[in-house]
Amino acid sequence: MPTLDPRAEQQVQAYAAEVVQALGEAAVGVVLYGSAAGADWVAGRSDINTAIVLRRVAVASLDALAPVVARWRPKGFALPVLLDEGQVAQACRLFPMELDDIRRQHRLLAGSDPFLALGTDEAALRRECAQEAFGKLLRLRAYYVEHAARPADLATMMLDSIRSFVTVTRHLLRLRGMAEPPDFAAVLAAGETVVGPLPALRRVLAQRQADNPAGLGQHAASYVDEIERLVAAVVADCA
């Protein structure tokens, strides 16, 4: 069921209609995915993520989509994922985390659903999960070193990165054969059974959902420490 507020729901429906009108017969399906398709939507902070599947992606189709995307970008719509109909299974092998995220939580807005019967390449998922987790950790360390004396910047970093690390946690749970939790808070609760307490991550998530960064920067060191433990577990499981 939709969890967007009525205004955002009207926007995604209008966006999908414009996409289909622009593409005509080239359009296969338009889906909404990510937090906007689930229970973790935060108005004003969460991006609206969409995937558009075409019969064949050609420059003419990209030109037709360009003005539609330009109109909706200032309203919180992320750049769409654009795929050929025949590339969906290929993308699943090459970018298993991203495609698994779409498969797990998406909602059809227009056309037919190309992700409905999508499978997962477990070996590819393990490799990408380890690479993504370690890469994000390296960027987090560098940012922390550069901004250690600026709590407000650290708070922004935490609010901007928490969703990525919750996603990493969810993939860790999946790869361990555990049930997929329904929302971000439940993912962290389940993650604590694997890597131990994650109070800083839970604090950041709660303040993100409340859109309130007050005092968050003072917890940056604990946040980084918890991310270190989480990524170590992911890399060990996926090696």
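For residue 105, the residues 5 or more places off, or on other chains, whose built amide H falls under 5 Å of its own are 34.
Residues whose amide H lies under 5 Å from that of residue 48, counting only those 5 or more places away or on a different chain, are 77, 78; hydrogens are built 1.01 Å from N in the peptide plane. Rg over Rh for the range 1-139 works out to 0.97, using Cα positions for both radii and the Kirkwood form for Rh.
When +1 charges are put on Lys and Arg Cβ atoms and -1 charges on Asp and Glu Cβ atoms, the dipole computed for the chain relative to its Cα centre reaches about 240 debye. Taking label positions 7 Å along the Cα-Cβ direction at both residue 218 and residue 186, the computed distance is 3.4 nm, reported to one decimal. Computed over the chain with a Gaussian network model linking Cα atoms closer than 10 Å, the most mobile of 171, 147, 219 is 147. So what's the Cα pair-distance distribution over the range 28-78, bin width 10 Å, in %? Result returned by the calculation: 22, 48, 25, 5.
Normalising the average separation of contacting C-alpha pairs (under 8 angstrom, six or more residues apart) by the number of residues puts the relative contact order of the chain at 19 percent. Give the long-range amide H neighbours of residue 84: residues separated by 5 or more places, or on another chain, with amide H under 5 Å away, using H modelled in the peptide plane at 1.01 Å from N. Those qualifying (amide H under 5 Å, at least 5 residues apart or on another chain) are 54, 57. Solvent exposure of the chain, expressed per residue, is 47 Å² of accessible area, with all protein chains present and a 1.4 angstrom probe. Only helices enter the 222 nm calculation for the chain: every DSSP H run of n ≥ 4 contributes -39,500 (n - 2.57), and dividing by all residues gives -19500 deg cm²/dmol, rounded to 500. Extension gain for the segment residue 146 to residue 120, taken as residue separation times 0.36 nm less the Cα-Cα distance, is 5.6 nm to one decimal. Here the spin labels are modelled as points 7 Å beyond Cα on the Cα-Cβ line, and at residue 17 and residue 60 they lie 2.6 nm apart.
Here the chain exposes an accessible surface that is 55 percent carbon and sulfur, computed with a 1.4 Å probe and the other protein chains kept in place. Once C-alpha pairs closer than 8 Å and six or more residues apart are averaged by separation and normalised to the residue number of the range 54-127, the relative contact order reads 32 percent.
Calculated on the Cα set of the range 125-227, radius of gyration then Dmax: 13.4, 41 Å. Going by alpha carbons, how many degrees (0 to 90, nearest 10) lie between the helix axis of 6-23 and the longest principal axis of the chain? Rounded to the nearest ten degrees, it is 50.
Extending 7 Å from the Cα toward the beta-carbon at both residue 127 and residue 156 defines two label points whose distance is 3.6 nm. Pairwise inverse Cα distances across the chain, averaged and inverted, put the Kirkwood hydrodynamic radius at 18.9 Å.
The values are calculated or read from the model by the stated rules, or taken from the named source; none is laboratory data. Nothing here was measured: the structure is a model prediction, and the numbers come from that model. Virtual Cβ from ideal backbone geometry, glycine too; neighbours counted across all protein chains shown. Areas reflect the complete protein model, heavy atoms only, side chains present, ligands, DNA and RNA absent. Shrake-Rupley method; radii C 1.70, N 1.55, O 1.52, S 1.80 Å.
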